[in-house]
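**Q** Attaching a single structure in structure tokens format; questions to follow.
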Amino acid sequence: MGYRRPNIRYESEKGKFYLPLPVQLHSDSESNIFSQMNRFSDISSPENETLRPLHSGFCKKGQARKCTVEPVVIGGMVLDVNATSSMHANPRTTTPGKVIFSLGGVARNVADCISKLEARPFMISAVGFDMAGNMLVEHWESAGLSIEGIQRHQNIETAVVCHIFDEKGEVAAGVAHVESIEKFLTPRWIEKFKCKISSTPILMVDANLNSSSLEASCQMAAQFNTPVWFEPVSVAKSRRVASVVQYVTFASPNEDELVAMANAISGRDIFQPIRRDYSSTKLSKESFFQMLKPAIWVLLDKGVKVVVVTLGSEGVLLCSKAKSNLKKLAFKGNQTPYSTKQLHNAVNTVCPKDQIFGASMFEPMSNLFAVHFPALPASVVRLTGAGDCLVGGMIASLCAGLDVMQSVAVGIAAAKVVVEVESNVPDEYCLAKLADDARSVYSGATMLLCQSKL
């Protein structure tokens, strides 16, 4: 079986070059892996470097960049090390397979996806001068994105996560070393970019931030009526929403994160995750909604305006207190700027506003409004990055002037592309294909009515 092209590409004035991966996991090749890694750790790291932002005012080809839309994204930039065995692994020995480096981190993935959809995200994060940090920053610069908000210091150990996949592509084990995000991505650093937060159409924060940084970010956004998108990251970290729930406009949990968030906000464990293994009968979208409805309501009742629940292959639930709440959402600068006009026009043509509900649709007599959007069929390679690209697709769409329903359709279409590749974010999106997939999702959406919140 031949090697597949690695999913990290670098472009510079000297041309393109690729990491020479994947490699087989034999003991005699382990030294080769680290010799390849060391090529990137030789970049100078000043011994007396102070905490400071890096500056970049030019994009590819040396042209000045016109940033008409800058959603601000705060959170982790991580190097993912994905190891996949080609046969059943035995304990206490190495196993043949391949190792791939993927640029990752929830916030970084979301921002990268946004940049592929014509918006210009402003990233606030922290990385070191080590091999992982150099790779992450070099990619960001090569994409023409600002690195002003990325803090670098010799004492920062860039966040790295290692996933071990079995021969079926399922995660068998993993190790996460991400403490630097909590330690160095501080309120003081975030405060430096208050001007960006004041003018951004939307602020996205991921739950890799510690509680103080989450609160500082959300409070700054509240000062300027900037909508906040909370990305839970994991079941454990999703509970951090409790201290900032009153500031959150959007939240995008999966079903397990939703339950953890509702329990954290409630202050007691009253909700349980959905068990799918008790029956061979596939749950309907109505059943999913009814089972998750009490937890969804906890978030909405505490101030979250829109809850986007990802259900994997079962699609997405979009929930709000009422349909009118979605209409009231306003985004600074979403008057379809030139840089995102193509996305807006392509999607708006095939996904007409209010098509899901009908022009004469009256407000349902219900405390809760929900729409189910179907997932798209895909040739799945790896599921990592799907949720991040859904969020990135939605944020890019909202910044382009599309409404929330249209944006969900684009998000699902964006997620479909990434599950068919090995990277956390695809190299590029085909706008025509993305719009066509969004149309399929949009036309398959179903409004779910309930008679009460419980």
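The values are calculated or read from the model by the stated rules, or taken from the named source; none is laboratory data. This one's a predicted model, so the numbers in the text were calculated from it and none came from an experiment. Heads up, the Cβs are rebuilt from the backbone with ideal geometry, glycines too, and the neighbour counts pull from every protein chain shown. Just the protein is used for accessible areas: all its heavy atoms, side chains included, with ligands, DNA and RNA removed. Shrake-Rupley method; radii C 1.70, N 1.55, O 1.52, S 1.80 Å.
**Q** Among the residues of segment 422-436, count how many are part of a helix (DSSP H, G or I) and either surrounded by 13 or more Cβ atoms within 10 Å (Cβ to Cβ) or over 22 Å from the mean Cα position of the chain (by Cα) (or both).
**A** Summing the residues that are part of a helix (DSSP H, G or I) and either surrounded by 13 or more Cβ atoms within 10 Å (Cβ to Cβ) or over 22 Å from the mean Cα position of the chain (by Cα) (or both) in segment 422-436 gives 5.
**Q** For segment 209-219, name all the residues that are open to solvent by 10 Å² or more (accessible area, probe 1.4 Å) and either part of a helix (DSSP H, G or I) or touching a residue at least 60 places away in the same chain (Cβ under 8 Å) (or both). Show your work before the answer.
**A** So in segment 209-219, the residues open to solvent by 10 Å² or more (accessible area, probe 1.4 Å) come out as 210-212, 215-216, 219.
Listed by number, the residues that qualify are S211, S212, E215, A216, Q219.
**Q** Next question, about the same structure. Would you point out the residue of segment 111-143, among those that are touching a Leu at 6+ places or on another chain (Cβ under 9 Å) and of a type in the set (V, I, T), that is surrounded by the fewest Cβ atoms within 10 Å (Cβ to Cβ)?
**A** V137
**Q** What are the residue pairs meeting all of these: first residue in segment 372-394, first residue closer than 19 Å to E255 by Cβ, second residue of a type in the set (S, T, Y), Cβ atoms under 6 Å, and 6 or more apart or on different chains?
**A** If the second residue must be of a type in the set (S, T, Y), the pairs left are H372/T446; A375/S313; G387/T310; V391/S252; M394/S407.
**Q** Counting residues that are under 22 Å from S423 (Cα atoms), without any contact (Cβ under 8 Å) to a residue 40 or more places away in the chain and under 20 Å from the mean Cα position of the chain (by Cα), which strands (runs of 3 or more DSSP E) fully inside segment 91-201 reach at least 2?
**A** Details: elements: 97-104, 122-127, 150-152, 159-165, 171-177.
Result: 171-177.
**Q** Still on this structure, please answer the following. Considering only residues that are touching a Leu at 6+ places or on another chain (Cβ under 7 Å) and under 22 Å from I202 (Cα atoms), look in segment 253-265 and name the one that is surrounded by the fewest Cβ atoms within 10 Å (Cβ to Cβ).
**A** L258
**Q** Another question, if that's okay. When you scan segment 220-238, do you find a residue that is outside any helix (DSSP H, G or I) and among the charged types (D, E, K, R), even just one?
**A** From segment 220-238, those outside any helix (DSSP H, G or I) are 224-234; that's our starting set.
Still in the list and also among the charged types (D, E, K, R): 231.
The answer is yes; a qualifying residue exists.
**Q** Please give the number of the condition V417 fails out of (1) of a type outside the set (D, E); (2) closer than 17 Å to V308 by Cβ; (3) buried (at least 24 other Cβ atoms within 10 Å of the Cβ).
**A** In the conditions (1) of a type outside the set (D, E); (2) closer than 17 Å to V308 by Cβ; (3) buried (at least 24 other Cβ atoms within 10 Å of the Cβ), V417 misses (2) alone.
**Q** Looking at segment 358-367, is at least one residue at pLDDT below 95 and crowded, with 19+ Cβ neighbours inside 10 Å?
**A** no
**Q** Of the conditions (1) at pLDDT 85 or above; (2) within 28 Å of Q219 (Cβ to Cβ); (3) exposed (fewer than 15 other Cβ atoms within 10 Å of the Cβ), P96 clears all except one; give me its number.
**A** P96 satisfies every listed condition except (2).
**Q** Would you check if there is a residue in segment 339-348 being open to solvent by 10 Å² or more (accessible area, probe 1.4 Å), at pLDDT below 95, assigned to a loop (DSSP other than H, G, I, E, B) and basic (K, R)?
**A** No: zero hits.
**Q** If you scan segment 268-297, which residues turn out to be at pLDDT 90 or above, within 18 Å of A251 (Cβ to Cβ) and assigned to a loop (DSSP other than H, G, I, E, B)?
**A** F271
**Q** I would also like to ask the following. Check off (1) open to solvent by 10 Å² or more (accessible area, probe 1.4 Å); (2) within 16 Å of the chain's Cα centre (by Cα) for G401 and give me the number that stays unchecked.
**A** If we test G401 against (1) open to solvent by 10 Å² or more (accessible area, probe 1.4 Å); (2) within 16 Å of the chain's Cα centre (by Cα), just (2) comes out false.
**Q** For segment 169-206, name all the residues that are of a type in the set (S, T, Y) and exposed (fewer than 15 other Cβ atoms within 10 Å of the Cβ).
**A** Once the filter is applied, which keeps residues that are of a type in the set (S, T, Y) and exposed (fewer than 15 other Cβ atoms within 10 Å of the Cβ), segment 169-206 yields only S199.
**Q** Only one of L299, L283, L311 is in contact (Cβ under 8 Å) with a residue 12 or more places away in the chain, buried (at least 22 other Cβ atoms within 10 Å of the Cβ) and among the hydrophobic types (A, V, I, L, M, F, W, C). Can you tell me which?
**A** It is L299.
**Q** Let me ask another. Please specify each residue of segment 144-158 satisfying the condition of being buried (at least 23 other Cβ atoms within 10 Å of the Cβ) and closer than 12 Å to V78 by Cα.
**A** T158
**Q** For segment 320-329, check the following and say yes or no: at least one residue is among the small types (G, A, S), open to solvent by less than 10 Å² (accessible area, probe 1.4 Å) and modelled with pLDDT of 95 or more. Step through it out loud before you land on a result.
**A** To start, the set of residues in segment 320-329 that are among the small types (G, A, S) comprises 320, 322, 324.
Filter again for open to solvent by less than 10 Å² (accessible area, probe 1.4 Å), leaving 320.
If we keep only those that are modelled with pLDDT of 95 or more too, we end up with none.
No, every residue in segment 320-329 fails to be among the small types (G, A, S), open to solvent by less than 10 Å² (accessible area, probe 1.4 Å) and modelled with pLDDT of 95 or more.
**Q** List the number of the failed condition for R439; all other conditions in (1) of a type in the set (D, E, K, R); (2) open to solvent by 30 Å² or more (accessible area, probe 1.4 Å); (3) not in a helix (DSSP H, G or I) hold.
**A** Against the list (1) of a type in the set (D, E, K, R); (2) open to solvent by 30 Å² or more (accessible area, probe 1.4 Å); (3) not in a helix (DSSP H, G or I), R439 comes up short only on (3).
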